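Below: the structure, in C-alpha cells.
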Amino acid sequence: MPDAYQSMYQSFRWKVPEQLNIEQLLCSRWAKDAGRVAIRYESDNGQRSTWTYRDLHLAANRLASSLRELGVERGDRVALVLPQRPITAVAHLAIYRLGAIAMPLSILFGPEALAYRLADSEAMGLIADASALDTLRAARPDGLRFMAIAADVDGPDLLDPTDAEFDVQGLIERGHPRFTPVKTLAAEPAQLLYTSGTTGPPKGALIPHRALIGNLPGFVASQNWFPDGAQCFWSPADWAWTGGLMDALLPSLYFGQSILAYKGRFSGDKAYELIERYAISHAFLFPTALKAMLKSNPSPSSGHALKLRAVMSAGEAVGHTLYDWCQAELGVTVNEMFGQTEMNYVVGNCSRYWTSRSGSIGRPYPGHRVAVIDDDGVEVPDGSLGEIAVHRQDIHGDPDPVFFIEYWRNLKASDDKFTGNWCRTGDLATRDADGFLWYAGRTDDMFKAAGYRIGPGEIENCLLQHPEVANVAVVPKPDQERGNLVKAFVVLSRPEHYREGSQREALIQALQAQVKRQLAPYEYPKEIEFIESLPMTTTGKVQRVVLRRLEQEKAQGCEPQPGAGHALA
C-alpha cells in the first residue's frame, strides 16, 4: 500500500469554533438514539451494567442540577477521585455543562498526594468512589465545601451529612432532568490535570475545551482510522490521567462508540478475558500492559478469539520484542504514539495508511508541527540528538488547538515550557531523513558513563528480548573513576529458578553479553540487580528517578529509602 502520510499531513486544516463545550461533542448529539450504547461496565466483584448515551445524558443533567444547588459555578474546580465506572463519565459531563473545571485524581493517591492537589487547586468540591472515603476524610482541606460519594451499595449509610457528605445517586435522583448547559469559549479551561514530574511538586495543567479537537487526528490515526469497524474500545489506563481520559474515554464518546469500563486489578489473563468477552476491536495498551500479556500467555492466538483491529501504545518505548509479538500473536501492528498532558497526541503511527517502523514513535500527526531542537530552540540536523518540541502553529500558520493554557498559578513554569513558539517536551529523540522520530528518553533520564552519553531505553529494550526478563530499568550508578556506571534493575520472569548465586551470575553474564553483542561495549550494564518489582507511576511508567535516588544514597553512604523494591535473596 502506498504511504499516504505526506498527502494527509500537508492537506489537513483545523476547524475550531470560537464557542465550544466538550459536553456538546460527547453526549448530547448521540442521546437522541435511544439504543446507542456508551459504556459497558464490569467490576471485579461481579457487577455488570450497560449505559446508553441517553442514560448518560439524563444522569448528567440531573447531577449538574444538584451540583449547581451545592454552589458549583463557572470556573470552579471539582475534583474527581473515581475509577473506571459509568459515574465517572456522568461526572465529567455534568461539570462541563456547568462551565466548571474537572480535576480528575487517581483513586490510588494517598492522603498527602490528594491533600496537596485539593489545596493547590482550591477545589470547592469533589466526587469520589466510596473506596477512597477514609483517605479523602484524612486529606480534606478546609476550603472543600462538599464531598459526593459514589458507592456500589449502601452509599448513604457510609456518609456524614452534617459534614457536607452526599450520596451521588441521591444527587442524581433529586436533580432536574433538564439542564441548560453554560455556553463556553473553546479557549476556556475544561480540565485541570496534574502532571507527575520527576522533580518538584506536581503542576496543574489547565486544558481548554478545544484540546479534545486537537487530540482527534492522532486518535483516529493511531486507531487505524477510528471508528471504522469499531465494536468496543478498551484501555486499562486510569481515566484520571491523560492516557485514560483523552486517549480512551472522551474520544470514544466523541465518535458515539462503546467503551468498556473495568473496575478491578489488571493482569495479562484478565486482559485476554475482557478483550474476548466484549469483542474489543480497538485498544490503548501501554507497554507495561503488553508485557504482562506476553508473559502470561505468549501465544494467545491459539486459545482466544480476538477481534482486535488496532492497538495504540504509549508511555514507554514499545521496543522490537513487543512490536513483533503484537504482529504475530495479536494480529495487529501496534501504533506507538507520543504526547504529553500539556499537548497530547502529537506524534505517532498509523499502520493502516502509513509506513510503520519498529522502534520509532512515528511522525507528526496531521495538524501538528513537531521538530527536534537544541537548547536555543534551533532545529538540529537529521540524526542528531535533541529535544522534541511542538510549535504553537501548524504548517499552514494556524493555531494548534492541542495546547494547554498554562500551569495553574505558575507563570514561570508556563514561560519556561516554551522557547519562542516551540513548546519543549523534555523528551529526547533523533529524526531520520524520512521524518521518523526515534525516542531516546527523558532529558532527566539521560546520563554520561565514561564520557559516553547513555539513554536507558535502548538498553532496556535489548535486555527485554531475553526470555528470563519480565521488566527492566536502567539508571546511572555513581562511580569515582567513570562518573557513572550503567546499572540495570531486572525483574525476572521465573525468579524461583535463580535462587543460587551461580545461577544468578550466569544469567548476569548472559545479559551483559547480549547488550555488548547487539548494542555497544560501553552500553552494557556493569552491574545488574534482580528486583521483585519496579517502582511505577499509576500511568504505567517506570519511575527511574526513584532508582537513581537509591543509587545516589548508596554512593553517599546513606541508608537507602524504602519503596524501590527488594532484591531477590
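The values are calculated or read from the model by the stated rules, or taken from the named source; none is laboratory data. Keep in mind the model is a prediction, meaning the values are calculated, not measured. We place every Cβ from the backbone using ideal geometry, glycine too, and count neighbours over all the protein chains shown. Each accessible area value is taken on the protein alone, full model and side chains, heavy atoms only, with ligands, DNA and RNA left out. Shrake-Rupley method; radii C 1.70, N 1.55, O 1.52, S 1.80 Å.
Go through Ser533, Ser502 for me and flag whichever is in a loop (DSSP other than H, G, I, E, B), open to solvent by 50 Å² or more (accessible area, probe 1.4 Å), modelled with pLDDT under 95 and not charged (D, E, K, R).
Ser533
Out of Trp30, Trp51, which single residue is open to solvent by 30 Å² or more (accessible area, probe 1.4 Å) and within 25 Å of the chain's Cα centre (by Cα)?
Trp51
From the set of residues in region 93-145 that are in contact with a Gly (Cβ under 8 Å, 6 or more places away or on another chain) and open to solvent by 30 Å² or more (accessible area, probe 1.4 Å), which is modelled with the lowest pLDDT?
Ranking the qualifying residues of region 93-145, first place goes to Thr135.
Quick test of your reading of the structure: Ala230 fulfils all but one of (1) part of a loop (DSSP other than H, G, I, E, B); (2) hydrophobic (A, V, I, L, M, F, W, C); (3) more than 22 Å from Asp324 (Cα to Cα); (4) out of contact with any Ser or Thr (no Cβ under 9 Å at 6 or more places or on another chain). Name the failing condition by number.
Evaluating Ala230 over (1) part of a loop (DSSP other than H, G, I, E, B); (2) hydrophobic (A, V, I, L, M, F, W, C); (3) more than 22 Å from Asp324 (Cα to Cα); (4) out of contact with any Ser or Thr (no Cβ under 9 Å at 6 or more places or on another chain) leaves (4) as the failure.
Any chance region 190-204 includes a residue that's free of Cβ contacts under 8 Å to residues at least 60 places away in the same chain, part of a helix (DSSP H, G or I), more than 22 Å from Trp14 (Cβ to Cβ) and not hydrophobic (A, V, I, L, M, F, W, C)?
Within region 190-204 (the criterion being free of Cβ contacts under 8 Å to residues at least 60 places away in the same chain, part of a helix (DSSP H, G or I), more than 22 Å from Trp14 (Cβ to Cβ) and not hydrophobic (A, V, I, L, M, F, W, C)), the answer is no, since none of the residues qualifies.
Which residues, taken from region 293-328, are more than 18 Å from Asp427 (Cβ to Cβ), of a type in the set (D, E, K, R) and either touching a strand residue (DSSP E or B) at 6+ places or on another chain (Cβ under 7 Å) or open to solvent by less than 40 Å² (accessible area, probe 1.4 Å) (or both)?
If the condition is that a residue be more than 18 Å from Asp427 (Cβ to Cβ), of a type in the set (D, E, K, R) and either touching a strand residue (DSSP E or B) at 6+ places or on another chain (Cβ under 7 Å) or open to solvent by less than 40 Å² (accessible area, probe 1.4 Å) (or both), then Lys295, Arg309 are the ones that fit.
This table checks each residue for (1) of a type outside the set (Gly, Ala, Ser); (2) in contact (Cβ under 8 Å) with a residue 40 or more places away in the chain.
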residue: Val347; (1), (2): yes, yes
residue: Cys350; (1), (2): yes, yes
residue: Arg357; (1), (2): yes, yes
residue: Gly362; (1), (2): no, yes
residue: Ile373; (1), (2): yes, yes
residue: Glu379; (1), (2): yes, no
residue: Gly383; (1), (2): no, yes
residue: Gly386; (1), (2): no, yes
residue: Gly397; (1), (2): no, no
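Restricting the search to region 272-286, which residues are in contact (Cβ under 8 Å) with a residue 12 or more places away in the chain, open to solvent by 10 Å² or more (accessible area, probe 1.4 Å) and not aromatic (Phe, Trp, Tyr)?
Glu276, Ala279
Just checking, which of Leu216, Leu253 is surrounded by fewer than 24 Cβ atoms within 10 Å (Cβ to Cβ), of a type outside the set (Asp, Glu), closer than 24 Å to Val16 by Cα and modelled with pLDDT of 95 or more?
When all the criteria are applied, what remains is Leu216.
Would you please name the residue that is farthest from the chain's Cα centre (by Cα), looking only at residues in region 496-538 that are of a type in the set (A, V, I, L, M, F, W, C) and farther than 15 Å from Glu468 by Cα?
Within region 496-538, the match that is farthest from the chain's Cα centre (by Cα) is Ala520.
Name the residue, out of Asp247, Asp269, that is crowded, with 24+ Cβ neighbours inside 10 Å, touching a residue at least 12 places away in the same chain (Cβ under 8 Å), acidic (Asp, Glu) and on the phi < 0 side of the Ramachandran plot.
Only one candidate passes the filter, namely Asp247.
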